[in-house]
Each structure stands twice: as C-alpha cells, then as structure tokens.
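K.L.:
The structure that follows is given in the form of structure tokens.
The values are calculated or read from the model by the stated rules, or taken from the named source; none is laboratory data. Just so you know, these numbers come straight off a predicted model, no measurement behind them. As a convention, Cβ positions derive from the backbone with ideal geometry for all residues, glycine included, and neighbour counts pool all protein chains shown. Ligands, DNA and RNA are stripped out before the accessible areas are found, and what is left, the full protein with its side chains, is counted by its heavy atoms. Shrake-Rupley method; radii C 1.70, N 1.55, O 1.52, S 1.80 Å.
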Amino acid sequence: MTTANYLSVDDIKVWRPEAIIPLASHRDALIKQRLNDNGVWLPQQTAGKRWAIGCVALEITQRCNLDCSLCYLSEHSQAVHDMPLDEIFRRIDLIFAHYGLRTDVQITGGDPTLRRRDELVAIVRYITAKGMRAALFTNGILATRDLLAELAAAGLVDVAFHVDMTQGRKGYRDEKALNAVRSEYIERARGLNLAVIFNTTLFSGNFQDVPELVRYFSAKADVVSFVSFQLQADTGRGVLRQRVDAINIDNVIARIEQGAGTPLSFDTLLGGHHGCNRYAFAFVINSKLYDGLNDPNLAVAFMNQTAHVAFDRGNRRKAVRAVLTAVLKKPSLWFASLRWLTRLAWRARSDLLAAKARVHKLSFFVHNFMDACHLERDRVESCVFMTMTADGPISMCVHNAKRDDFILKPIRIVRKGEAMSWNPLSGAGDTTELPVPSPNVHPMRLKRGRTRHFALQEKKDS
C-alpha cells in the first residue's frame with residue numbers, strides 16, 4: 001500500500017497559476033509531459049490527444065441563489081462583486097492563449113445566471129467567436145427556456161444543470177422527488193440544439209439513490225447526453241465536511257452499474273488521472289443500456305483516429321456523420337467497427353425492434369474532488385480541470401483550497417485611460433486596498449455556509 005504524497009500547507013500557499021503561455025505547437029506536449037511524469041500517460045489516455053485540457057472553469061460571479069450543504073465557494077463569496085466584463089474577456093483570451101481552439105469553457109460561478117443577462121450573452125458570444133465551446137453550469141433556477149434559447153443562438157454548446165439534495169430545495173425529500181425539477185429543466189432545453197448535462201454531488205444522504213438516478217437519466221436519454229457524479233469533498237464553505245468511507249470511486253461505479261443493469265467499462269479510456277476521473281458510456285435502446293466501451297482495443301484505436309475531429313454535441317446527426325467520415329479513412333478500423341456494431345445489433349435485436357431503431361448515447365462521468373487539506377501532488381500535477389484566474393489557469397482543486405487568495409485579490413483595470421485597482425469587496429476602482437474582513441462581519445443576507453449556519457444557531461440560542 002502506497003502513501004499519498006500530499007501537498008503541505010506551505011506547498012499549497014505557494015502554488016501559483018500557470019503564468020507562462022505555451023507556444024501553440026506545444027500545448028498538447030505540456031499535458032503529455034505532466035501525465036508522463038506521474039505515470040498516467042498510457043495508450044488509453046485522451047488528454048493530450050483529443051484535447052490539451054479537459055475544461056477550464058470561468059467564474060463570472062461568486063454569488064449564488066442557493067446555500068448548499070456542500071459548496072466549494074468561500075464564506076466571502078456572496079459579498080464579492082461581479083468583476084468587470086473587460087476582465088472576463090481578458091480571461092477568455094488567456095484561456096485561448098493557453099489551450100487554443102475547441103477548448104471547453106465552463107461558464108460558472110456561483111450561479112452564472114445571476115450575472116446581467118446581456119453580459120452573460122456577450123460572454124457566450126465572445127467564447128464562441130474565439131473558436132471555443134461555451135458551457136453553462138447552473139442550478140437552473142433562473143435558466144428559463146427563453147434565456148437558454150438566446151444563449152444557444154449566441155453559440156452555447158452545453159447546459160449543465162446541478163440538481164441534488166445538498167441544495168436544500170424546499171419540498172423535496174429525496175433525489176427521486178427532485179426528478180420533478182430535473183424533468184422541468186429537460187423540457188426547458190428540449191429542441192434547443194444544446195447538449196444537456198446533469199451534475200449530482202454525492203454524499204451520505206443520496207448515495208443510495210444513485211441506481212434510481214441512473215434509471216431516470218436512461219429514460220431521458222433522448223435529451224440528456226451526459227451525467228456527472230461528483231464525490232463529496234471537504235472544501236469550501238459548506239457545513240458538511242468529510243465524506244463517509246463507503247463513498248469512493250469504485251463504490252459509485254458499482255451503484256451506477258446497478259442502475260444501468262449491466263457492467264460498464266470505466267477503465268477503457270482515461271481522462272487525466274485515474275484517481276480523479278472515470279468515464280464510460282452506453283447506448284440506450286428501448287430504455288436498456290449496452291456498454292459502448294467493452295472492446296478496449298477498438299475503443300483506443302477509434303479514439304486515436306478521431307482525436308482531432310470536432311463533434312457537434314448539440315446535433316447528434318452531425319456528430320455521427322463526423323465520426324463516420326473519420327472512420328472511413330481507415331479501412332481496418334471501419335471493418336473492426338462494423339464487426340462490433342453487428343455484435344451489438346444482434347444482442348440488442350429485440351430492443352432495436354421495440355424502439356424502432358431509436359438509439360441514444362449516454363455518458364457517465366465520476367469526478368473525485370480532493371479535500372482542501374489532502375491535495376495529492378501527482379493528481380494536482382496531472383490535473384485536466386482548471387480554473388482561470390487573473391494570472392493564468394490553476395488546478396480546480398487547488399483553486400478551491402485557496403479561493404480567497406484569488407477572489408479577494410484586487411484586479412488591475414483601466415478606466416477612462418487611467419490604471420487603477422478594482423476592489424472585489426467594494427466593487428469600486430480605487431488606489432487603496434481595503435483589508436479583508438472576517439466573514440462574520442458580512443450582513444446576514446451575504447452570509448453563506450458555515451458562517452450563516454453558526455450565526456443562525458447563535459441567534460436561536462440567544
């Protein structure tokens with residue numbers, strides 16, 4: 001048994017964003033080198049082949065309209081003003097400079113729908129104009145169909161709804177009851193040429209519901225294309241802290257397979273570090289799931305052949321055509337794929353007939369976030385989920401561990417030709433830096449997480 005090489009408190013304190021912008025020709029080489037140094041540059045690795053980075057989180061607000069029991073935000077976040085739009089655009093430029101075309105940019109926060117609507121639309125347009133893919137990560141409360149339609153017209157590719165029991169939505173006793181919310185969100189996005197994703201944070205209160213959730217998403221695979229299960233982590237302002245031992249990657253996968261009714265090949269392809277991310281997908285035919293990665297050799301060859309193909313995730317027909325065009329260029333792969341599809345069709349023949357050949361693809365992703373005080377060096381160095389800061393990208397888990405260092409830092413801006421510091425807590429441009437207060441001094445309306453919990457408890461006790 002090996003002992004994890006955790007970053008020390010001092011290591012985390014001095015860990016800095018990647019300030020050096022690589023040459024365009026070396027973007028893939030950087031992630032390959034990091035993965036190789038940490039023993040995870042393997043034939044089935046997708047990082048460095050299909051993309052230079054898994055995704056980059058672009059936090060356009062720190063404000064949120066929920067107070068989740070598990071939350072990566074800071075106890076100061078609700079008091080932080082939205083940074084100027086010019087700074088958002090500058091960070092988008094930085095994302096492009098570091099990672100280039102087709103980079104997945106997660107527009108997130110806080111909840112990004114709290115940003116002014118015209119600014120949110122402008123952000124999506126700016127990302128799209130750079131040749132990158134914009135995704136909206138939201139709890140869905142303010143993500144009306146009208147807003148989603150306008151964002152889709154501006155170039156939005158994905159919408160990821162986060163719905164689970166950690167959010168304290170009133171009137172819902174378990175994850176099954178929350179399916180009513182999920183169904184409403186699905187209908188809002190239906191037909192808008194958006195890839196629909198659902199994120200679920202797993203903790204002791206909903207871990208047992210994973211099989212039921214998998215069955216629900218399988219029944220909605222005509223719209224839902226990607227499901228992400230995120231394991232509880234001791235980070236941020238939430239009142240819940242360490243997860244129970246039973247919640248780990250392997251146990252989550254077992255629960256997913258229970259709901260799927262079939263084994264799924266989560267080890268065929270890699271997306272970064274094996275301890276962070278696990279991926280599988282299935283074809284859904286007549287609500288029954290069939291493993292899509294059960295031939296490892298074919299899957300790896302297929303991935304390498306289509307590594308540079310741009311898929312339209314919102315239009316499944318275009319995506320299929322792009323895949324077929326790439327596969328037909330390599331006869332050996334074409335014949336292997338045909339043999340695999342023939343075997344699949346034979347196994348699924350009764351479901352294909354019942355479903356009148358309606359086949360959907362549903363991806364499953366398990367993300368194992370790290371505790372703020374237990375950041376493993378090899379996983380941080382191999383990170384493929386980054387957050388963009390004023391100074392460059394940094395591992396999402398490191399960013400969450402020292403969030404206040406980034407969100408409370410004054411930003412250099414230019415207004416009316418004059419350079420000045422923009423203070424996140426005052427929302428004003430000035431030449432002086434205000435001291436960072438204790439989160440306890442914020443008014444109750446700006447308190448979240450533990451600070452709010454303890455303030456309410458103290459008020460109750462008094």
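K.L.:
Return the inverse of the average 1/r over all pairs of distinct C-alpha atoms in the stretch 330-449, which is the Kirkwood hydrodynamic radius, in Å to one decimal.
P.N.:
Its Kirkwood hydrodynamic radius stands at 20.3 Å.
K.L.:
Which value, in Å² and to the nearest 10, is the accessible area of Glu187 when all protein chains are kept and the probe is 1.4 Å?
P.N.:
Glu187 exposes around 90 Å² with every protein chain in place.
K.L.:
Could you check what % of the DSSP bridge pairs in the stretch 71-191 are antiparallel, to the nearest 5?
P.N.:
Bridges in the stretch 71-191 are about 0 percent antiparallel.
K.L.:
With Kirkwood's inverse mean 1/r over C-alpha pairs for Rh, give me the Rg to Rh ratio of the stretch 74-170, two decimals please.
P.N.:
Taking Rg over the Kirkwood Rh, I get 0.97.
K.L.:
In the full protein assembly as shown, how much of Tyr72 is accessible to a 1.4 Å probe, in Å² to the nearest 10?
P.N.:
Tyr72 exposes around 80 Å² with every protein chain in place.
K.L.:
Full-extension gain between Gln33 and Val9, please, as 0.36 nm times their residue separation minus the C-alpha to C-alpha distance.
P.N.:
Working it through step by step, the gained length comes to 6.1 nm.
K.L.:
By what distance, in whole Å, do the Cα atoms of the stretch 223-273 stretch along each of the three principal axes, largest value first?
P.N.:
35, 27, 21
K.L.:
Defining a contact as two alpha carbons under 8 Å apart and six or more residues distant in sequence, what relative contact order in percent does the stretch 413-462 show?
P.N.:
Relative contact order for the stretch 413-462 comes out at 18 percent.
K.L.:
Further, regarding this structure: Over the stretch 20-85, calculate the relative contact order: mean separation of alpha carbon pairs under 8 Å at least 6 apart, over the residue count, as a percent.
P.N.:
Contact order relative to length: 26 percent.
K.L.:
Stokes-Einstein diffusion coefficient for the stretch 14-126 at 20 °C in a medium of 1.002 mPa s, Rh from the Kirkwood formula over Cα pairs: what value in µm²/s?
P.N.:
133 µm²/s
K.L.:
Something else about it: With a 1.4 Å probe and every protein chain kept in, tell me what percent of the accessible surface of the chain is carbon plus sulfur.
P.N.:
The C+S portion of the solvent-accessible surface of the chain is 55 percent.
K.L.:
Which residues does a label at His26 reach in the stretch 70-98, if reach means a backbone N under 19 Å from a point 7 Å past the Cα toward the Cβ?
P.N.:
So the set is 94-98.
K.L.:
Sort 27-34, 98-105 by the packing proxy (mean of other Cβ within 10 Å over each peptide's residues), most packed first.
P.N.:
Sorting 27-34, 98-105 by mean packing, highest first, produces 98-105, 27-34.
K.L.:
Keeping every protein chain present and rolling a 1.4 Å probe, give me the accessible area per residue for the stretch 306-405 in Å².
P.N.:
Heavy-atom SASA per residue in the stretch 306-405 reads 51 Å².
K.L.:
To the nearest 10 degrees, how steep is helix 27-37 against the longest Cα principal axis of the chain, on a 0 to 90 scale?
P.N.:
Long axis of 27-37 versus the principal axis of the chain: about 90 degrees.
K.L.:
With angles folded into 0 to 90 degrees, how steeply does helix 117-129 sit against the dominant principal axis of the chain? Use alpha carbons for both and round to 10.
P.N.:
Roughly 50 degrees between the two axes.
K.L.:
Provide the gained length on full extension for the span Asp222 to Arg16, in nm with one decimal, where the gain is 0.36 nm per separating residue minus the Cα-Cα distance.
P.N.:
The Asp222-Arg16 span can extend by a further 69.9 nm.
K.L.:
Give me the extension gain from Leu328 to Glu458: residue separation times 0.36 nm, minus the current Cα-Cα distance, reported in nm with one decimal.
P.N.:
Value of the extension gain: 40.0 nm.
K.L.:
Follow-up. Treat each spin label as a single point 7 Å out from the Cα along the C-beta direction, and report the Ala153 to Ser426 distance in nm.
P.N.:
Placing both labels 7 Å along Cα→Cβ, they lie 4.0 nm apart.
K.L.:
Which loop trypsin sites (Lys or Arg not before Pro) in the stretch 291-365, with loop taken from DSSP, have no more than 16 other Cβ atoms within 10 angstrom of their Cβ?
P.N.:
Lys329, Lys356, Arg358
K.L.:
So in the chain, what percent of DSSP beta bridges are antiparallel if you round to the nearest 5?
P.N.:
Of all bridge pairs located within the chain, approximately 45 percent are antiparallel.
K.L.:
For the chain, take the convex hull of the Cα atoms, compute a quarter of its surface area, and give me that in nm², please.
P.N.:
Result: a mean projected hull area of 23.6 nm².
K.L.:
Right, here's the next one. Residues with beta-carbon under 12 Å from that of Ala4, excluding Ala4: net charge, scoring Lys, Arg +1 and Asp, Glu -1?
P.N.:
So the surrounding residues net to -1.
K.L.:
If you plug each phi of the stretch 317-334 into the Karplus form 6.51 cos²θ - 1.76 cosθ + 1.60 with θ = phi - 60°, what whole-Hz ³J(HN,Hα) values come out, in order, with x for Gly and Pro?
P.N.:
Values per residue, Gly and Pro as x: 5, 5, 5, 5, 4, 5, 5, 4, 4, 5, 5, 5, 6, 10, x, 4, 6, 4 Hz.
K.L.:
At 37 °C and 0.692 mPa s, grab the translational diffusion coefficient of the stretch 134-211 from Stokes-Einstein with a Kirkwood Rh over Cα pairs, rounded to a whole number in µm² per second.
P.N.:
Approximately 250 µm²/s, per Stokes-Einstein.
K.L.:
Then there is this: Which order, highest average first, do 172-182, 413-423 follow once you tally other Cβ atoms within 10 Å for each residue and take the mean per peptide?
P.N.:
Listed from highest to lowest mean packing, they are 172-182, 413-423.
K.L.:
If you don't mind, there's one more thing I want to ask. In vacuo Debye scattering of the stretch 21-67, one point per C-alpha: log10 I(q)/I(0) at q = 0.19, 0.22, 0.32 Å⁻¹?
P.N.:
Evaluating at q = 0.19, 0.22, 0.32 Å⁻¹ gives log10 I(q)/I(0) of -0.66, -0.77, -1.23.
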